[in-house]
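Comments concern the structure below.
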Amino acid sequence: MHALPYGFKKFSLSDPPPACGHWKEHMPANRDPVAYQLYIEARKVWRSKMAWQLTREETSRILTDVKKAAELGDWGARALMAHFYLRGLGVLESNHVLDATPDKSVEIARLAAKVMQPWGLYDLGVAHEHGYGGAPYDVDLAWTYYLRAAQLGSPEAQMALADAYAGEGRLNDEEIMLQCAFQQGHGPAAYRLGLKARIQKE
């Protein structure tokens, strides 16, 4: 067991669920317009096709623009670069432009977590849960990060807590966390709530 970060609380399934946080309230209010535009346009291309449908020209441009936006300080671009470093970019030999480098992904997550950005806290929790990128395997520490991320509004962390509560039969608390994520427009939470409503004939 590694030491918990200062001010963090260990997650316990016997505690009440955290209040619904909203991630946008914990992110920088202002973004450089040039960096933001680079990021948004690159992300739009990346999301427009399945990974194997992208050309090398497209993946190269995506990587160049997202990296530039990240260097200019855009937090969205940094989060996307963390994703690219974790999984690589370009799934085919014909469009592969970046190898997976988990250490770099975790380095970006650590920087975001240091300034309490919810996505960074969640990503760091995932790294500790699976023990990659230089983050030592520590499930307790991972759930500590998930709890803090959920408190600050990470929908992914709120979903993780929902799963934990469901596993303990705390179905009301599961739904509270799903609603927290859903209220922020999180698609997987909406899907889960829809399934629950269908089963319950609501």
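The values are calculated or read from the model by the stated rules, or taken from the named source; none is laboratory data. Not measured: the values here are computed from a predicted model. Cβ: placed from backbone, ideal geometry, glycine included. Neighbour counts: every protein chain shown.
Annotations
- Filtered residues of the stretch 89-135 (kept if out of contact with any Phe, Trp or Tyr (no Cβ under 6 Å at 6 or more places or on another chain), surrounded by 15 or more Cβ atoms within 10 Å (Cβ to Cβ), over 19 Å from H2 (Cβ atoms) and not aliphatic (A, V, I, L, M)): G90, N95, Q117, W119
- Selection status of P155, within 25 Å of D65 (Cβ to Cβ), touching a residue at least 60 places away in the same chain (Cβ under 8 Å), surrounded by 24 or more Cβ atoms within 10 Å (Cβ to Cβ) and not small (G, A, S): no
- Extreme residue, surrounded by the fewest Cβ atoms within 10 Å (Cβ to Cβ), among residues of the stretch 26-66 that are within 16 Å of E93 (Cα to Cα) and among the hydroxyl-bearing types (S, T, Y): T55
- Here G76, G7 are screened, and the one residue that is part of a helix (DSSP H, G or I), without any contact (Cβ under 8 Å) to a residue 60 or more places away in the chain and either on the phi > 0 side of the Ramachandran plot or of a type in the set (G, A, S) (or both) is G76.
- Considered as a group, the residues in the stretch 150-159 that are assigned to a helix (DSSP H, G or I) and aliphatic (A, V, I, L, M) include one that is nearest to W23 (Cα to Cα), and that residue is A150.
- Only one of M116, M177 that is of a type in the set (A, V, I, L, M), closer than 22 Å to M27 by Cβ, in a loop (DSSP other than H, G, I, E, B) and in contact (Cβ under 8 Å) with a residue 40 or more places away in the chain: M116
- Residue match in the stretch 192-202 (condition: modelled with pLDDT under 95, of a type outside the set (K, R) and not in a helix (DSSP H, G or I)): yes
- The listed residues are A189, A162, and the only one of them that is closer than 27 Å to A3 by Cα, out of contact with any Cys (no Cβ under 7 Å at 6 or more places or on another chain), assigned to a helix (DSSP H, G or I) and without any contact (Cβ under 8 Å) to a residue 40 or more places away in the chain turns out to be A162.
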